Amino acid sequence: MYNVEKAYELAKEYYAQYGIDVDKAIEIADKTPISMHCWQGDDVNGTELKENKALTGGIQTTGNYPGKARNGEELRADIDEAIKFIPGTLRMNVHANYIEADTFVERDQIKPEHYQKWVDWANAHDMGLDFNPTYFAHPKSTPAGTLSCADEKTREFWVRHGIACRKIGQYFAEQTGKKCVINHWTPDGDKEVPFDTLSPRLRLKKSYDEIFAATEDCKDVIDGIESKVFGIGLESYTVGSHEFCMGYVMNANKDHIIMTLDAGHYHPTQTVSAMLAGIYTFNKSVLLHVTRAVRWDSDHVVGFDDETRAIFEELVRMGKLSDTYIATDYFDASINRITAWVTGMRNTRKAILAALLQPIQTEKALEASGDVSARLAWKEEFKASPFSLVWDYYCAKKNAGVGLEWMDEVKQYEKDVLSKRV
Ligand code: RNT
Ligand code: ZN
């Protein structure tokens, strides 16, 4: 290993020339919570006690890499292994289908006690706990829809699920002493453009209204409403489109009802980084689903790529990093799932740290003075800054493994634990 400390001192000097306080950037990046999704560990399979757990709703995991977690204990053990190498403040993001009950419990009957193991785990790790209703992978989740279903019985079933989830969210907040962020996403849509595109949306609005009205007194719960452009098998129409969800959030005009922006849920030339300022003009916070779309909402492992970096650069420039709830959302079943977690989570943290090392004051001053030529030159010059030296130092300080140091241990864990699962 090279001299990480010495390299860091040089990098610090480099950044200081531009008025950037590297220690401060590290401190902020370290404190910024990232909500780690539990569902990378078992391909969104979940721990419900039922036979058929086929993933439906237009999302897909591809690959069959051996060793996925088969129950809550294994999943948490794998998470414990992964987080050794993920520096910085974390929260845990659990989906309703990660229930742990003695017998099968229907989705509209779930209760806080069914998630006690997650609560205990989160408290032992001093982490906040986030939650998600699971409106997919269920016999009542069909192309006829869930919260937008024309069949009242089905719609009401899913409304009860949404209500149950908000109550569980409140319990999480009470138990952890940290607010719970709930993400509401329904797969509802159609393979073709339906004749009637309005009625399902009116029903989805009614369902959300009913869920929020029935749980009005829920405290310390934040609700993200997630839109999507299309899903597999639902290519032509989604009920919860961007316009619908944005309209719902703006019209609700409540601080706890916010937009979820998933980086994979838009047309390829539309970027979340470009949407943030428009939304922040009207809302106090946003929930991010950090992911990597390859051609479609493929949920590839988060990369340290242009768009991920642009999202956090934009948040830092706007002064909105601390107002943004950051959650990861990807599922790769074709590689070691712990490697997937570590790589994507580290990249998310990396993008946050890199964004905090921009020459913000200079760029602002250049723009204000009208010197747009210099503004561009500065921006481009900075792309080659010695960021990795700062990142390595931060990882060393957090004992999270410098560079690829973590890989040997993850490989050992695969040998000792994952490969023994059949
Ligand atoms: C699906 C949405 C949603 C899910 C998770 C599992 O397209 O992105 O957020 O990925 O709820
Ligand atoms: Zn998402």
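The values are calculated or read from the model by the stated rules, or taken from the named source; none is laboratory data. Keep in mind it's a predicted model, so treat the numbers as computed, not measured. Neighbour counts run over all protein chains shown; Cβ positions are idealised from the backbone, glycine included.
In the range 154-171 there is no residue that is under 19 Å from Val44 (Cα atoms), away from ligand 1 (no atom under 16 Å from the Cβ) and buried (at least 18 other Cβ atoms within 10 Å of the Cβ).
Has the range 4-25 got at least one residue that is over 22 Å from Leu357 (Cα atoms) and hydroxyl-bearing (Ser, Thr, Tyr)? Within the range 4-25 (the criterion being over 22 Å from Leu357 (Cα atoms) and hydroxyl-bearing (Ser, Thr, Tyr)), the answer is no, since none of the residues qualifies. Can you find a residue in the range 371-394 that is surrounded by fewer than 18 Cβ atoms within 10 Å (Cβ to Cβ), modelled with pLDDT of 95 or more and on the phi > 0 side of the Ramachandran plot? So far as the range 371-394 goes, no, none of its residues is surrounded by fewer than 18 Cβ atoms within 10 Å (Cβ to Cβ), modelled with pLDDT of 95 or more and on the phi > 0 side of the Ramachandran plot. Restricting attention to the range 336-352, the residues being touching a Leu at 6+ places or on another chain (Cβ under 9 Å) and either in a helix (DSSP H, G or I) or under 10 Å from Val302 (Cα atoms) (or both) number 4.
For the range 226-256, what are the residues that are more than 19 Å from the chain's Cα centre (by Cα), in a loop (DSSP other than H, G, I, E, B) and within 20 Å of Thr61 (Cβ to Cβ)?
Ile232, Gly233, Glu235
Looking across the range 225-266, the residues that are of a type outside the set (Phe, Trp, Tyr), without any contact (Cβ under 8 Å) to a residue 60 or more places away in the chain and away from ligand 2 (no atom under 16 Å from the Cβ) come down to Glu235, Ser236, Glu243, Gly247, Met250, Asn251, Ala252, Asn253, Lys254, Asp255, His256, Ile257.
When the range 2-46 is filtered for residues that are among the polar types (S, T, N, Q) and assigned to a helix (DSSP H, G or I), only Gln40 remains.
When the helices (runs of 4 or more DSSP H) confined to the range 368-422 are screened for residues that are under 19 Å from Leu357 (Cβ atoms), those reaching at least 1 such residues are found at 372-382, 387-397.
For the criterion of being surrounded by 18 or more Cβ atoms within 10 Å (Cβ to Cβ), out of contact with any helix residue (DSSP H, G or I) (no Cβ under 8 Å at 6 or more places or on another chain) and assigned to a loop (DSSP other than H, G, I, E, B), Ala333 passes. Number of residues in the range 192-210 that are away from ligand 1 (no atom under 16 Å from the Cβ), under 22 Å from Pro143 (Cβ atoms), in a helix (DSSP H, G or I) and without any contact (Cβ under 8 Å) to a residue 60 or more places away in the chain: the value is 8.
Table: residues versus (1) within 22 Å of the chain's Cα centre (by Cα); (2) of a type in the set (Phe, Trp, Tyr); (3) under 30 Å from Ser148 (Cβ atoms).
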{"site": "Ser35", "(1), (2), (3)": "yes, no, yes"}
{"site": "Gln40", "(1), (2), (3)": "yes, no, yes"}
{"site": "Leu55", "(1), (2), (3)": "yes, no, yes"}
{"site": "Thr62", "(1), (2), (3)": "yes, no, yes"}
{"site": "Lys68", "(1), (2), (3)": "yes, no, no"}
{"site": "Arg76", "(1), (2), (3)": "yes, no, no"}
{"site": "Ala101", "(1), (2), (3)": "no, no, yes"}
{"site": "Thr134", "(1), (2), (3)": "yes, no, yes"}
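Scanning the range 186-219 for residues being touching a Lys or Arg at 6+ places or on another chain (Cβ under 7 Å) and under 20 Å from Ala96 (Cα atoms) gives a total of 4.
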